[in-house]
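Please read the structure below before turning to the comments.
Every number in this text was worked out from the coordinates using simple rules, so none of it is lab data. Nothing here was measured: the structure is a model prediction, and the numbers come from that model. Don't worry about glycine lacking a Cβ; one is built from the backbone with ideal geometry, like all the others, and counts go over all protein chains shown.
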Amino acid sequence: METIFSKIVRREIPADIVYEDERALAFRDIHPQAPVHVLIIPKQAIARASDLEPQHEALAGHLLVVAAEVARREKLARGYRLIINCGPEGCQSVYHLHVHLLGGKQLGWPGID
């Protein structure tokens, strides 16, 4: 499935990239919900978390390791939140698996405010 994130991976659409390796890409959200709002995506197109299978275990874990590295780089030592939205009732808007990294302020629960 072609998505805006696929186009970002291929550099067809610009993004403020903060991390990249052979398996993942992290870039700033264009509609940030916190002072730091970074999206971490696999370069492999996987539509949503519910599509993950056993062969994706290393990749899924890698996304969390990347999130921790980006949080260090963004100086979020006081804490941050990771969110994965899945499907329409989970408020997923782009059907390319992605992890939201939010921080830089005191976050509320269950919302971000």
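With only Lys, Arg, Asp and Glu charged, each at its Cβ (+1 for the first two, -1 for the last two), find how big the charge dipole of the chain is about the Cα centre; round to the nearest 20 debye.
I would put it at about 400 debye.
Along the Cα→Cβ direction, 7 angstrom out, place labels at ALA47 and ASP21. What is the inter-label distance in nm?
For the pair ALA47/ASP21, the computed spacing is 2.8 nm.
When we measure straight from the Cα of LYS75, which lysines land under 23 angstrom away, once same-chain ones fewer than 8 places off are left out?
LYS105
How far, in degrees from 0 to 90, does helix 57-73 lean away from the longest principal axis of the Cα atoms of the chain, to the nearest 10?
Rounded to the nearest ten degrees, it is 30.
If I take every Cα pair under 8 Å that is 6 or more residues apart in the chain, average their sequence separation and divide by the length, what percent do I get for the relative contact order?
It rounds to 31 percent for the chain.
Would you mind computing Rg(Cα) / (2.2 N^0.38 Å) for the range 4-103, counting N as its residues?
1.00
Considering only GLY87, VAL66, HIS98, whose Cα is most displaced toward the positive end of the charge dipole of the chain, charges sitting on Cβ of Lys, Arg (+1) and Asp, Glu (-1)?
Going by the Cα projections, it comes out as VAL66.
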